[in-house]
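A short write-up of the structure that comes next.
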Amino acid sequence: MSTNVKLVRLVTSEEVIFEVIEDAVNVYKAKKPIALHVVPQGNEQYGLQLFPYSPSNPEGEQLIFKDKIVSESVEVPEGLVKAYVQRTTGIEIASAVDAFANLGR
C-alpha cells in the first residue's frame with residue numbers, strides 16, 4: 001500500500017487523510033484531502049464517512065500546516081488507505097484473498 005498517505009488530527013479535531021505530494025519543513029502539500037466523520041450506526045456501533053476536506057475544491061491540492069496537527073498516525077490502517085484510494089481515484093483495490101477466490105471464474 002502507498003506509504004505516502006497520511007492520517008492526521010488537526011487542532012480543530014478534524015481527522016484528515018491525504019496523499020503527500022510534498023513534505024516541506026512546515027507544511028504538507030496534500031492531494032485530495034478527505035475528512036473523516038464518525039457516524040452512529042445503532043447498537044453502540046460506529047462507522048466512518050469520508051467527505052472532501054475542502055468541498056469548494058474537492059479535486060485540488062491543499063496545504064496542511066504542520067503546526068496545526070495535533071497527532072499523526074504512525075501507520076494508516078490498510079482498509080482506510082483502500083477507502084481513500086477508491087474515493088479519490090474510483091479504483092477499487094481487491095485483497096489478495098478476493099483475487100485468489102475469483103481466479104478461474
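The values are calculated or read from the model by the stated rules, or taken from the named source; none is laboratory data. The shown structure was predicted, so the numbers you read here are calculated from the model rather than taken from an experiment. Please note: Cβ atoms are built from the backbone with ideal geometry, for glycine as well, and neighbour counts cover all protein chains shown.
If you go through region 9-66, how many residues are more than 16 Å from residue 77 (Cα to Cα), basic (Lys, Arg), in a strand (DSSP E or B) and modelled with pLDDT of 95 or more?
Looking only at that region, the number is 1.
Are any residues in region 1-51 of a type in the set (Phe, Trp, Tyr) and surrounded by 11 or more Cβ atoms within 10 Å (Cβ to Cβ), and if so, which ones?
Keep residues of region 1-51 that are of a type in the set (Phe, Trp, Tyr), which gives 18, 28, 46, 51.
Selection gives 18, 28, 51.
Just to be sure I understand, how many residues within region 67-92 are more than 14 Å from the chain's Cα centre (by Cα), of a type in the set (D, E, K, R) and not in a helix (DSSP H, G or I)?
So the count comes out to 1.
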